[in-house]
Amino acid sequence: MTDGMKALKKKMVDGLLPLQLAGLATVTADGLPWTRYVMIRGDEDLTLRCGTFLCARKVEQIKANPEVHLTCGVTDPMDMKSYYQIQGRAEVVTDAAEKQAFWNPTLEPIFSGPDDPNYAVLVIKPYRIERVTPPQMQPDVLEL
């Protein structure tokens, strides 16, 4: 990886590490896109995670087709900073260690705790991330 790509990856890691709202799109059984809001958090290797109900539509959609797309990064439309378009593959994980590691206060009103049998974690491995920083609309692209 070149120094320029390392610097871009570092900027992307910094932007995706915090817990944040994202639009997550999956593919329905009839091949159509379906988008919903989720709270995601990234890690140092750019893997993204979000909590979900095991009975959610997105779980069945991901099991049938793991291709997903996320959009995130804008928290205030009056203060446009970098935003991200992310293509990746998702997996539904019910491993206790994974559930505990992702657990955060935003999940407390929804689940009884990290051991709730209805709680799972979506683990999303990006293979392409575009970072757009207005006013330039040409994205920086990182392919993993």
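Could you compute how fast region 1-75 diffuses translationally, taking Rh as the Kirkwood radius over C-alpha pairs and applying Stokes-Einstein at 20 °C with viscosity 1.002 mPa s? Give it in µm² per second. Present the calculation step by step, with values, prior to reporting the outcome.
Values: Rh = 13.6 Å.
So the translational diffusion coefficient is about 158 µm²/s.
Compute for region 48-88: radius of gyration divided by Kirkwood radius, i.e. Rg/Rh, restricted to C-alpha atoms, rounded to two decimals.
Details: Rg = 13.4 Å, Rh = 12.2 Å.
Rounded to two decimals, Rg/Rh equals 1.10.
More than 26 Å apart: what percent of Cα pairs in the chain qualify? Intermediate results must be reported in sequence, preceding the final value.
Numbers: 2602 of 10296 pairs.
When every Cα pair of the chain is considered, 25 percent fall beyond 26 Å.
Dipole size in debye (nearest 20) for the chain around its Cα centre, Lys and Arg Cβ +1, Asp and Glu Cβ -1?
Values: 16 positive and 19 negative charges, 47 e Å.
Dipole size: approximately 220 debye.
Checking the table LYS6/LYS58; LYS6/LYS125; LYS10/LYS63 against a 29 Å threshold on Cα-Cα, which pairs fail? All intermediate terms of the calculation are to be shown ahead of the outcome.
On the way: LYS6/LYS58 33 Å; LYS6/LYS125 18 Å; LYS10/LYS63 31 Å.
Result: LYS6/LYS58; LYS10/LYS63 exceed 29 Å.
Nothing charged except the Cβ atoms of Lys and Arg (+1) and of Asp and Glu (-1): what's the magnitude of the dipole of region 5-55 about its Cα centre? Round to the nearest 20 debye.
Details: 7 positive and 5 negative charges, 41 e Å.
Charge dipole of region 5-55: 200 debye, to the nearest 20.
Using only Cα atoms, figure out Rg for region 79-140 and give it as a multiple of 2.2 N^0.38 Å. Write down the numbers at each step before the final one.
On the way: Rg = 16.1 Å, N = 62, 2.2 N^0.38 = 10.6 Å.
That ratio works out to 1.52.
If Rh is defined by the Kirkwood formula over all Cα pairs and Rg also comes from Cα, what ratio Rg/Rh do you get for region 37-112?
Values: Rg = 13.7 Å, Rh = 14.1 Å.
Reported Rg/Rh (Cα atoms, Kirkwood Rh): 0.97.
Only the coordinates and a few stated rules stand behind these numbers; no lab work does. Keep in mind it's a predicted model, so treat the numbers as computed, not measured. No Cβ is skipped: glycine too gets one built from the backbone with ideal geometry, and neighbour counts run over all protein chains shown.
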